[in-house]
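Below is one structure; the comments refer to it alone.
The values are calculated or read from the model by the stated rules, or taken from the named source; none is laboratory data. It should be emphasised that the depicted structure is a prediction, and the values quoted were computed from it without experimental measurement. Because the Cβ atoms are built from the backbone with ideal geometry, glycine has one as well, and the counts that use them run over all protein chains shown. Side chains included, ligands, DNA and RNA excluded: accessible areas come from the protein's heavy atoms. Shrake-Rupley method; radii C 1.70, N 1.55, O 1.52, S 1.80 Å.
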Amino acid sequence: MQKHNKYLVWTIWVATIAFIGAGFVGWGTYDFGSKAGNVAKVGNVEIKQSQLNMVYSNLYGQYNKMLQGKLDEKKAKEMGLVQQAFSQLEVQAKLLNFAQDMGIVVSDKEVADTLEGIRSFQKDGVFNKEIYNAYLRSQRLKAKTFEATLRDEITIRKTLELLHTEALPLEIETFSAAMNAADKLMYKVLGSNDVNVTVDESKLKAFWETQKENFMTPRMYKLSIVWTATDGTEVTEEEIKTFYDANSFNYTDATGKQLLFDEAKAQAEKDLRIKKSKKAAQKQYIAFKKGKIESMETVTLPVNDSTLSKELWEDVLAKNNGDIVKPKVVGDRYATVKIEAVVEPAPMTFEEAKAEVTKLYMAQAQKEALLKLAESTLSALEESNATVSDFVTLEKNDNLKMLNSQESLQFLQKLFTSSKEKGIISVSDKVVVYKIMEQKFLEADQNRTDFVKQTVNQMKNSTFESNLIKMLDAKYPTEVYMGGLTN
């Protein structure tokens, strides 16, 4: 789901069926603005607010499970879950446009058969409508919304199946030759401990002169703050229980299981106090704006300093000098902020930037010294107390001394795509000086041949997908009706 790999979205999309696997828990929700219930249009396909809510909720549940129940809306916003959810729907919409143009349709029977085949909706191996309806209620979904999403998923699957291409014999043979090769190496691993780099003040200063535009002071904001405490707000046991009942889906443990009232009571009480204190915060905001009360403190902070919340910083950055930002929750209290002054970034002096400059200078000097040592080592590798390996392959990479398994794999991937008998390969913060002593080809059994075929298929489909999505991007433009959906 990364920006530059978005063509893979549909191959890893945990769609409707996997969505059900999250269980009957209402995960994160988000308040989306929309135009007539839609948030965007891709080609001829509208992206509905309900769809965005579904995918966002699904993503929230997945990440919440990965983070052992510690995900909240603030962190979800920092991770860009809304943008991820929209990116998935955007790619799906492009594929649906393509499917429409190609005349691909899905019958009601196909939807019904797929629905009945979902195990989470079955009891004793048979589709159970009561379980299905309970799921829809837990997710606040209408059946037609869920089934429309299911239809879209089937349409996309059918479309991609039609476009799937199998590996050709020559492709399998070519890849097999490369993947079955084994090399016996003489090699030496060099690292930072093998070179001695010292800081020369004059050279450091000269290095800074060429880089100083990259060393700027952060933008600073001078802010006056009125705090509204919430811990003194009175709440009753009955109010807490009512609040918990209405928001119980927000209280889950590390496994995603909903917490009982007694387990969630402390957090629910805190959340309720914050909610009930909102009017008090708004009154203080109005009084502060009219000059009836003074600020409680004045601070000068760099942008996105953790003293304030991310949501509050977003509002501050959108305002001008003299503006007062409406109260936002910071921790367990509200903050109403007035922007007194903005201190724009300025070039650092050498002394201010020295610590950061020294790190960059040392890293570059160390890299240059390491490569210089590697070149001299390569010319006399046999006399350099080098290590001789067993025969290594891309799969057998755990016998390279001085390298961990990840570094070994990285080295061998570069080695087997190189045509050089000897050379220097950079791996992480190390360099490997090598010479191929002997090479042989391993016999391929049926399992290995199947593995090669699977690898070729994956590479072909990945290449095809990347080119297809580029074509779809150009053919089906996206019109977004609200902000904050794209990076």
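Residue separation of MET402 and GLU421 scaled by 0.36 nm, minus their Cα-Cα distance, works out to 4.7 nm of gained length. Among LYS241/LYS283; LYS241/LYS292; LYS372/LYS401; LYS158/LYS453; LYS74/LYS142, which pairs are too far apart, with a Cα-Cα distance over 32 Å? As for pairs spanning more than 32 Å Cα to Cα, those are LYS241/LYS292.
Determine the shape class of the chain: with a ≥ b ≥ c the square roots of the Cα gyration tensor eigenvalues, call it rounded for a/c under 1.5, and otherwise prolate if a/b is greater than b/c, oblate otherwise. It comes out oblate by the Cα gyration axes. In the complete set of protein chains, residue-level accessible area for MET402 is approximately 140 Å², probe 1.4 angstrom. Measuring nothing but protein heavy atoms, the accessible surface of the chain at 1.4 Å probe radius is 51 percent carbon and sulfur. Basic side chains Lys and Arg get +1 at the Cβ, acidic Asp and Glu get -1 at the Cβ, and with that the dipole of the chain about its Cα centre reaches some 1360 debye.
Helix-derived [θ] at 222 nm for the chain: sum -39500 (n - 2.57) over DSSP H runs of at least 4, divide by residue count, nearest 500?
Values: 17 runs with 236 residues, N = 487.
Value at 222 nm, helices only, nearest 500: -15500 deg cm²/dmol.
Rounded, prolate or oblate: pick one for segment 30-108, where a ≥ b ≥ c are the square roots of the eigenvalues of its C-alpha gyration tensor, a/c under 1.5 means rounded, and failing that, prolate if a/b is larger than b/c, else oblate. Prolate, because a/c is 1.5 or more and a/b exceeds b/c.
What does the accessible area per residue of the chain come to in Å², with a 1.4 Å probe and no ligands, DNA or RNA counted? Please report the intermediate quantities before stating the final value.
Numbers: 27930 Å² over 487 residues.
Result: 57 Å² per residue.
The Cα center of segment 106-151 and the Cα center of segment 251-286 differ in position by 33 Å. Taking label positions 7 Å along the Cα-Cβ direction at both LYS310 and SER376, the computed distance is 4.9 nm, reported to one decimal. Distance from the alpha carbon centroid of segment 340-395 to that of segment 172-242 works out to 16 angstrom. For SER376, the solvent-accessible surface computed with a 1.4 Å probe is close to 60 Å², ligands and nucleic acids excluded.
Give me the extension gain from GLU352 to ALA246: residue separation times 0.36 nm, minus the current Cα-Cα distance, reported in nm with one decimal. Each step should come with its number before you reach the end.
Details: separation 106, 0.36 × 106 = 38.16 nm, distance 5.27 nm.
Full extension of this stretch gives 32.9 nm more.
Please compute the length gained on full extension between ALA266 and ARG137, using 0.36 nm multiplied by the number of residues separating them and subtracting their Cα-Cα distance.
On the way: separation 129, 0.36 × 129 = 46.44 nm, distance 2.71 nm.
Between ALA266 and ARG137, full extension yields an extra 43.7 nm.
Pairs of alpha-carbon atoms within less than 8 angstrom and 6+ residues apart define the contacts here; what relative contact order does the chain have, in percent? Don't skip to the end; give the middle numbers.
Values: 615 pairs, mean separation 125.2, N = 487.
Computed value for the chain: 26 percent relative contact order.
Note on MET471 and LYS289: their simple-model spin labels are 5.4 nm apart, each label 7 Å out from Cα toward Cβ. Shape class for segment 312-429: prolate, because the ratio a/c of the largest to smallest gyration tensor axis (alpha-carbon atoms, square roots of eigenvalues) is 1.5 or more and a/b beats b/c.
What FRET efficiency do you get for LYS123 and LYS326 if R0 is 41 Å and r is their Cβ-Cβ distance, rounded to the nearest 0.05? Display every interim value, and only then the final one.
Numbers: r = 50 Å, r/R0 = 1.23.
The computed FRET efficiency comes out at 0.25.
Sites listed here are GluC sites (Glu not before Pro) in segment 137-245 whose DSSP assignment is loop and whose Cβ has at most 16 other Cβ atoms within 10 Å: GLU166, GLU234.
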